[in-house]
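Peer 1: I'd like to ask some things about the structure below.
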Amino acid sequence: MSFDPKEQHRRSTRLAGYDYRESGAYFVTVCAAHKRPVFGHIENGAMRCNPYGSIVIEEWARTETLRANVVLDEFVVMPNHFHAIVIFKHNGDTNVGAQRAAPLQGATPNNVAAQSLGAVVCAFKSAVTRRINAHRSERGLAPVVVWQRNYYERIIRDETELNQTRRYIFENPQNWDTDAEHP
């Protein structure tokens, strides 16, 4: 069977016409490839990271130092996924509720604009993958695909939703047995 782009294309989960470079808060979930538990395990309601999970934490922390417009909020590494709140601030703007913006301009062919949420997630996933595969190489192991394609995001619209999302992330390890991402 040959590839037919009219029949076999991936639909974007992004909000059409929204500029993901805008000031605001975003809830992001990134899943491990095949949702394999590669970052550690849950023990007594707490996440216990292995070396790969520690790499995820370290690279996420670097995100804020590399990007002046990004503030990291609550996050958690889970056995097979990662949740985070990312806040974009421009020119001192502290508005948490995301704003409607003009259509995306100057995007790359895959619609990842510089300094956008997509660019942040892409750089994070790349850095984690490079470090995990370097760690594996040092041990004589073959490289692996770390992340599944793409990521999930939700625009956080107000303080109430921000606080609910923070609570969800904080409680995620305690609720692992009922988590939709739990195998």
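The values are calculated or read from the model by the stated rules, or taken from the named source; none is laboratory data. None of these values were measured; they are calculated from a predicted model. Quick reminder, even Gly has a Cβ in these numbers, built from the backbone with ideal geometry, and neighbours come from all protein chains shown.
Peer 1: Within region 18-34, work out how many residues are surrounded by fewer than 21 Cβ atoms within 10 Å (Cβ to Cβ), hydroxyl-bearing (Ser, Thr, Tyr) and modelled with pLDDT under 95.
Peer 2: So the count comes out to 2.
Peer 1: Check ARG149, ARG130 and return the single one that is surrounded by fewer than 16 Cβ atoms within 10 Å (Cβ to Cβ), modelled with pLDDT of 95 or more and not β-branched (Val, Ile, Thr).
Peer 2: Going through ARG149, ARG130 in turn, the sole match is ARG130.
Peer 1: Further question on the same structure: Which one is farthest from VAL146 (Cα to Cα) among residues in region 37-58 that are assigned to a loop (DSSP other than H, G, I, E, B) and free of Cβ contacts under 8 Å to residues at least 60 places away in the same chain?
Peer 2: ASN44
Peer 1: Would you mention how many residues in region 135-169 are in a loop (DSSP other than H, G, I, E, B) and either over 18 Å from PHE124 (Cβ atoms) or not β-branched (Val, Ile, Thr) (or both)?
Peer 2: 11
Peer 1: Filter region 159-181 down to the residues that are of a type in the set (D, E, K, R) and loosely packed, with under 13 Cβ neighbours inside 10 Å and list them by number.
Peer 2: Matches in region 159-181: GLU159, ARG167, GLU171, ASP177.
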